[in-house]
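What follows is a set of notes on a single structure, which appears directly below.
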């Protein structure tokens, strides 16, 4: 089998490349440069390693499409007081969009170092499933990628843990070109998105200014916020509001530029909705029991889901913390197969006096 493997320079993608080679696949390595002024070290190290192992290597420049498809929407969504998920957008537009097309232009399969699985299901056919190694499972970030594209993919890390992958490389003496872990958002220095957005403001990005902070349940103004784009639903740290008990962000009222905060006991919601529906399994094949995941670090929870064109309505069986508009809503079955994904919508503004 011929397979092109997307390699970043880290241990996960290197394991994907070399484990497939050891399994007898005819592999070639493909590296994408997404950010200006970066990647030269990784390209040189990957080129040397692949040359030593007689593996074809290619580097492609995707800076402009990455800026248009990931960085600019990230900035605009934050300016609109939503919390975008850049990794999910990058997977849909770049890694499993332009890069996959480039990788498979001459046929063959495409592999990455994502912790996820493509597995044959008796009813669904080839379907996306959560990785066995739950701490690194990335199926949530793949929920916006059309299933037709994922069916051209291989995920060698589907049943491997991070320590096992590193041990496998060490045992064979393969050096990792970029041994350090990548940061949470690759284009945000120090993961400080507020500082990054401030820089974009100086380049012309329009960011909303200060406004009132209102206490839910009472409707009273208790402080002033520095701009809704600085906050996200469920946030506690960084509010800077002295109060008799800890406060959390309950909602952001965009029309009135109001930040609604509440104590932990009021931090719950029973339903949410998502747009840009990506149906990965036909609705007629869904089991009666499904689970919704609206945050990467939260486990899927029982829910009832209704589809309406390109939208889905999710009603939780038990109240959950308020999800952040702009993040991903992923629907799973009991066995971890992904049924659908979408982008969480802005709910109707909460009444701070309710």
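The values are calculated or read from the model by the stated rules, or taken from the named source; none is laboratory data. Model, not experiment: these values are computed from the prediction. Please note: Cβ atoms are built from the backbone with ideal geometry, for glycine as well, and neighbour counts cover all protein chains shown.
Summary of values
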quantity	calculated
Residue tally, condition out of contact with any strand residue (DSSP E or B) (no Cβ under 8 Å at 6 or more places or on another chain) and not in a loop (DSSP other than H, G, I, E, B), over segment 279-322	3
Given (1) part of a loop (DSSP other than H, G, I, E, B); (2) out of contact with any strand residue (DSSP E or B) (no Cβ under 8 Å at 6 or more places or on another chain); (3) modelled with pLDDT of 95 or more, index of the condition residue 90 fails	(1)
Test: residue in segment 112-119 that is in a helix (DSSP H, G or I), within 17 Å of the chain's Cα centre (by Cα), crowded, with 21+ Cβ neighbours inside 10 Å and at pLDDT 95 or above	no
Test: residue 248 is more than 24 Å from residue 137 (Cβ to Cβ) and in contact with a strand residue (DSSP E or B) (Cβ under 8 Å, 6 or more places away or on another chain)	yes
Residue, farthest from the chain's Cα centre (by Cα), within segment 180-191, restricted to residues that are in contact (Cβ under 8 Å) with a residue 12 or more places away in the chain and either surrounded by 12 or more Cβ atoms within 10 Å (Cβ to Cβ) or assigned by TED's automatic domain parsing to the domain that holds residue 106 (or both)	187
Boolean, residue 230 is buried (at least 19 other Cβ atoms within 10 Å of the Cβ), in contact with a helix residue (DSSP H, G or I) (Cβ under 7 Å, 6 or more places away or on another chain) and farther than 22 Å from residue 116 by Cα	yes
Single residue of segment 28-56 satisfying the filter (touching a strand residue (DSSP E or B) at 6+ places or on another chain (Cβ under 8 Å) and in contact (Cβ under 8 Å) with a residue 40 or more places away in the chain) that is surrounded by the fewest Cβ atoms within 10 Å (Cβ to Cβ)	42
Count of residues meeting criterion [at pLDDT 95 or above and loosely packed, with under 15 Cβ neighbours inside 10 Å] in segment 277-298	7
Yes/no for residue 105 being assigned to a loop (DSSP other than H, G, I, E, B), surrounded by fewer than 21 Cβ atoms within 10 Å (Cβ to Cβ) and without any contact (Cβ under 8 Å) to a residue 24 or more places away in the chain	yes
Subset of segment 165-189 (residues that are in a helix (DSSP H, G or I) and out of contact with any helix residue (DSSP H, G or I) (no Cβ under 9 Å at 6 or more places or on another chain))	167, 170, 171
Unique match (being surrounded by fewer than 18 Cβ atoms within 10 Å (Cβ to Cβ), in contact (Cβ under 8 Å) with a residue 24 or more places away in the chain and under 24 Å from residue 97 (Cβ atoms)) among 146, 135, 156, 175	146
